[in-house]
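The next block holds one structure in the form of structure tokens; read it before the comments.
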Amino acid sequence: MSPLTCPDVAERLDLYAADECDPAEADAIRRHLADCPQCAVAATEARQLMELLDLRLQEPERLRRLQDRLAAEDKPRRHVLRFPTGLRRVVALAALLLLTVGLLGWLTRGLQPVDDNSGLTVALEYQPPPVSQIARGVPEIAHPTQMKEPRGPFEADAKEPPPVDLSLHLHNTSDHPLRVWVAGPKTDLSLDVSGPGVKSVPAKERDPAEPNWVELRPGAEHVIHITNLVDDHYSWYLTKPGDYTVSAQFTTRAAAPGMAERRVTVHSESIVVPHNVPLKE
Amino acid sequence: MHDMAPSFSDDRPRKNDSELVRRCLGGERDAFQELTVRYYRPVGAFLLKRVQRPDIVEDLAQETFLQAYRSLKEGRKPENFASWLFGIAVNCCGKWLRRKKPALFDPADPPELPTAPPAGAETEEREEQQHRLAALEDGLSGLPSETRRLLEMKHRQGKTCDEIAAELRQPVGTIKSQLSRAYKALRERLTRPGETT
């Protein structure tokens, strides 16, 4: 495409900012903007308009998602940490957490975006470790949970969260590819653990994970391994033998080809993770 | 536009913030929801201006309101809810900006990283974005209903012009022309100072 003049660019600028120019045209505009400060200012204004329009017109859905999170906030956490003095508890939990995430519904072309739960299917399974591995004493899967009693004051900032062997399975059940963020600031993992001796403390701030996305073909899945019993908000500790209930909420952003990225929040059903190992000193 | 979010210019009777905060402190989540409806848009626009990353504005807005909600539930009573809320938004932005890793770009071609403005600048930013939102609202209300429908399909539903054209059974060029005219009118509204109602 031949070089564009300022009036040419001005005429196309809004559609360019709206990502509606063909590649050759977009490239010609980009080249012009690189050398023309005046048009670059107008391009910034056009981009800001698109951003404000997104903010304004997507407000109903965004508000609904906020209300959902506020409602979740009111669900009482089952246990509040008041740790006695003692050594840090060492927790080894082996569990398999399967989240099958059906990203259907609003990601299908032609459908309106709807709130998070529509069109999503979630399945959660727990698989105990094989007996042979228990016999060999593989640390991470020797038993669903093992722990020691703490002896000193619990200092959240000085303790590593307990090791855990969980996996989050993201499954594309739609009929087209999906680009899904699996790490970084666009994702958020929230666990909910309850049972006879569960304790939670606010998670200490960690270095954010590098942003990463995957493209899932129809029917494909991506597994996220969780190596510590900690989500993006809390560290979780199991302090007594018994059955523990675990569920997960994973928020991410996903896009189908030709569609804008959408926020997706999926909830797993609760699974029961037995913990029958006596506490070890 | 029948299913747009409530406008700030609507004339329904509004309870003042203090009354809603008082009810929040009494444990009424509905009162806080009313505050979220009232402040979501200005907070979102403020965050957008601050971080210049539309893809994370929703997360930061959620974090802002969640922190406010938790504080109110714990009995914190702000003197001025709006200032307090925007203060939380500023903190959320600061936290995000600090966590950003600057090593993800080519050192020879660094992007323009947003930086936290000096303290006190938020009032000015808030007012500027409020003005822009009001201008946008005026502009939207002055558009023909067919054009607003196109904007909804494009910006709310995330459809491309090709998809809109196919759905409405119109030539894609027609859709692009209509949108282009609407964008031009709206952009003129936003860049023309002092003409909002």
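The values are calculated or read from the model by the stated rules, or taken from the named source; none is laboratory data. As the structure is a prediction and not an experimental result, all values here were calculated from the model. A quick note on method: Cβ atoms are made from the backbone with ideal geometry, for glycine too, and the neighbour counts reach across all protein chains shown.
Pairs please, first residue from region B:172-189 and over 18 Å from residue A:43 (Cβ atoms) and free of Cβ contacts under 8 Å to residues at least 60 places away in the same chain, second anywhere and of a type in the set (S, T, N, Q) and buried (at least 16 other Cβ atoms within 10 Å of the Cβ), Cβ atoms under 6 Å, 6+ apart in sequence or on different chains.
So the pair list comes out as B:178/B:147.
For (1) farther than 29 Å from residue B:161 by Cβ; (2) touching a helix residue (DSSP H, G or I) at 6+ places or on another chain (Cβ under 6 Å); (3) in contact (Cβ under 8 Å) with a residue 12 or more places away in the chain; (4) not in a loop (DSSP other than H, G, I, E, B), each residue gets a yes or a no:
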{"position": "A:182", "(1), (2), (3), (4)": "yes, no, yes, yes"}
{"position": "A:192", "(1), (2), (3), (4)": "yes, no, yes, yes"}
{"position": "A:200", "(1), (2), (3), (4)": "yes, no, yes, yes"}
{"position": "A:209", "(1), (2), (3), (4)": "yes, no, yes, no"}
{"position": "A:215", "(1), (2), (3), (4)": "no, no, yes, yes"}
{"position": "A:222", "(1), (2), (3), (4)": "yes, no, yes, yes"}
{"position": "A:240", "(1), (2), (3), (4)": "yes, no, yes, no"}
{"position": "A:253", "(1), (2), (3), (4)": "no, no, yes, yes"}
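List the number of the failed condition for residue A:272; all other conditions in (1) assigned to a strand (DSSP E or B); (2) at pLDDT below 75; (3) within 14 Å of chain B (Cβ to nearest Cβ) hold.
(3)
Tell me, yes or no, whether region B:11-21 has at least one residue that is surrounded by fewer than 19 Cβ atoms within 10 Å (Cβ to Cβ), at pLDDT 90 or above and among the hydrophobic types (A, V, I, L, M, F, W, C).
No: region B:11-21 contains no residue that is surrounded by fewer than 19 Cβ atoms within 10 Å (Cβ to Cβ), at pLDDT 90 or above and among the hydrophobic types (A, V, I, L, M, F, W, C).
Cβ-Cβ under 8 Å, sequence separation 6+ or interchain: first residue in region A:1-30 and away from chain B (no Cβ under 14 Å), partner part of a loop (DSSP other than H, G, I, E, B). Which pairs?
If the second residue must be part of a loop (DSSP other than H, G, I, E, B), the pairs left are A:6/A:36; A:24/A:1; A:27/A:1; A:28/A:1; A:28/A:2; A:28/A:3; A:28/A:4.
Determine if region B:53-73 includes at least one residue that is among the small types (Gly, Ala, Ser), more than 12 Å from the chain's Cα centre (by Cα) and on the phi > 0 side of the Ramachandran plot.
Going residue by residue through region B:53-73, those that are among the small types (Gly, Ala, Ser) are B:61, B:68, B:71.
Applying the additional criterion that residues be more than 12 Å from the chain's Cα centre (by Cα) yields B:68, B:71.
Subsequent filtering for residues that are on the phi > 0 side of the Ramachandran plot retains none.
Within region B:53-73, none of the residues are among the small types (Gly, Ala, Ser), more than 12 Å from the chain's Cα centre (by Cα) and on the phi > 0 side of the Ramachandran plot.
All but one of (1) within 19 Å of residue A:16 (Cβ to Cβ); (2) in contact with a helix residue (DSSP H, G or I) (Cβ under 7 Å, 6 or more places away or on another chain) hold for residue B:140, so report the exception by its number.
(1)
Give the residues of region B:51-60 that are in contact (Cβ under 8 Å) with a residue 24 or more places away in the chain and within 7 Å of chain A (Cβ to nearest Cβ), sorted by residue number. Spell out how you get there, then give the answer.
Applying the first criterion (in contact (Cβ under 8 Å) with a residue 24 or more places away in the chain) to region B:51-60 yields B:51-53, B:56, B:60.
If the condition is that a residue be in contact (Cβ under 8 Å) with a residue 24 or more places away in the chain and within 7 Å of chain A (Cβ to nearest Cβ), then B:56 is the only one that fits.
Enumerate the pairs (first residue in region B:125-142 and more than 21 Å from residue B:182 (Cα to Cα) and acidic (Asp, Glu); second residue anywhere and in a helix (DSSP H, G or I) and modelled with pLDDT under 90) with beta-carbon separation below 9 Å, excluding pairs fewer than 6 apart on the same chain, so at least 6 apart or on different chains.
B:125/B:49; B:125/B:50; B:128/B:49
For region B:118-187, list the helices (runs of 4 or more DSSP H) that sit wholly inside it and hold at least 2 residues that are under 29 Å from residue B:38 (Cβ atoms), facing chain A (nearest Cβ under 9 Å) and not aliphatic (A, V, I, L, M); which are they?
Details: elements: B:121-141, B:145-151, B:161-168.
Filter on region B:118-187 gives B:121-141.
Just to be sure I understand, how many residues within region A:227-242 are surrounded by fewer than 20 Cβ atoms within 10 Å (Cβ to Cβ) and modelled with pLDDT under 75? I'd like the intermediate steps shown before the answer.
To start, the set of residues in region A:227-242 that are surrounded by fewer than 20 Cβ atoms within 10 Å (Cβ to Cβ) comprises A:227-228, A:232-233, A:240-242.
Then drop every residue that is not modelled with pLDDT under 75, which leaves A:227-228, A:240-242.
Looking only at that region, the number is 5.
Condition first: more than 23 Å from residue B:163 (Cβ to Cβ) and either facing chain B (nearest Cβ under 8 Å) or in contact (Cβ under 8 Å) with a residue 40 or more places away in the chain (or both). Now tell me which residues in region A:31-54 satisfy that.
Here is the first cut: in region A:31-54, the residues more than 23 Å from residue B:163 (Cβ to Cβ) are A:31-45, A:48.
Correct list: A:45, A:48.
Six or more apart or on different chains, Cβ under 7 Å: which pairs go from a residue in region B:62-88 that's within 14 Å of another protein chain (Cβ to nearest Cβ) and over 17 Å from residue B:31 (Cβ atoms) to one that's in a helix (DSSP H, G or I) and of a type in the set (D, E, K, R)? Could you list them?
That search, which allows pairs on different chains as well, returns B:62/A:69.
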